[in-house]
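Q: Shown below is the structure under consideration.
The values are calculated or read from the model by the stated rules, or taken from the named source; none is laboratory data. Predicted model only: the values in this text are computed from it and were never measured. Because the Cβ atoms are built from the backbone with ideal geometry, glycine has one as well, and the counts that use them run over all protein chains shown.
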Amino acid sequence: MPRLLMIVIRSVCGKHCLGTVVAVKFVVKKASNGEYRFNLVASNGQIVATSETYKEKRSALATIESIKNNAGAATTDDQTE
């Protein structure tokens, strides 16, 4: 059974802010060039993020562990304005 990471996604609905818990998982794949990448996949099957490629599988797995350990403290840097 794949490990699931629970994340909180906040969506804005008018003046109300709703917290929705979404189950996601990391899926590691081997690319056609022999390198590894991973996708972050939502419970509905939608890919919400894709990594760069890694020459070694252990590097992709280490990045996944780093994301699991550190993403909760991530800030948002909105550079659209």
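Q: For the subset of region 41-54 comprising residues that are modelled with pLDDT under 90 and in contact with a strand residue (DSSP E or B) (Cβ under 7 Å, 6 or more places away or on another chain), which member is surrounded by the most Cβ atoms within 10 Å (Cβ to Cβ)?
A: Checked region 41-54; the qualifying residue surrounded by the most Cβ atoms within 10 Å (Cβ to Cβ) is Val41.
Q: From Arg10, Arg37, Arg58, which residue is in a strand (DSSP E or B), of a type outside the set (A, V, I, L, M) and either modelled with pLDDT of 90 or more or surrounded by 12 or more Cβ atoms within 10 Å (Cβ to Cβ) (or both)?
A: Arg37
Q: OK, next. Name the residues in region 13-26 that are exposed (fewer than 14 other Cβ atoms within 10 Å of the Cβ) and either modelled with pLDDT of 95 or more or closer than 20 Å to Glu56 by Cβ (or both), would you?
A: none
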